[in-house]
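See below for the structure under consideration.
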Amino acid sequence: MKKATKVIALVFGVVLIHSCQKDTTFLITEKSVGPLTQDTKTSDLESIFVQDSVVGDQVQISLGASPKKFEVFEKGGKHLLTLTASSDSIPTIENVRVMDARYVTEGGIGLKSTFKDIQKKYDIKKIVTTLNSIVIFPKASNLYFTIDKEELPENLRFSTSDIEAVQIPDNAKIKYLMLGWE
């Protein structure tokens, strides 16, 4: 009877340890996005996303070149990530655009987050104004967030001048979340 108790205790311990491990499938850190790292080679994408579909830029492939852009889809068609490769002799992932709201940063910021959420978790280094959006670059981070100008007050939507953080509404939603490695 004691042997059965020890086996049950061992199994319970293994299950407890396994359940305490953090699931990183959709975690964004400075050095990783889910299973991808800044050292991931484009040639390894198929094996990393074996349960998903990886699609390379068909124009590049038809020209006989290695694709520079890849899209990763779940086996049901949901777009997870868009990846841009470096131009190195052995291409690695240079830029990741998050397409799925399940991906979140260590601070809990994802595509369902707002400008207020960004400000709570990050100090802002700069805000760049483009024709249709603003791009927010946090200090000491490889992340950047894009907010559509439609989220701004009407008087700022068509402005080409610099937009300050105080002009951005707290409830402005993130349109794009990206991570760039160099």
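Readers should treat all values here as calculations from the given coordinates under stated rules, not as data from a laboratory. Quick caveat, the model's predicted, so the values are computed rather than measured. Methodologically, a virtual Cβ is constructed for each residue, glycine included, from the backbone with ideal geometry; neighbour enumeration extends over all protein chains shown.
Table for the structure above
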{"item": "Failed item, numbered, when LEU81 is tested on (1) surrounded by 17 or more Cβ atoms within 10 Å (Cβ to Cβ); (2) not in a strand (DSSP E or B)", "result": "(2)"}
{"item": "Residue list for region 128-152, filter: surrounded by 13 or more Cβ atoms within 10 Å (Cβ to Cβ), outside any strand (DSSP E or B) and not acidic (Asp, Glu)", "result": "SER141, ASN142, LYS149, LEU152"}
{"item": "Top-ranked residue of region 86-120 - restricted to ones that are basic (Lys, Arg) and within 16 Å of the chain's Cα centre (by Cα), ranked as surrounded by the fewest Cβ atoms within 10 Å (Cβ to Cβ)", "result": "LYS112"}
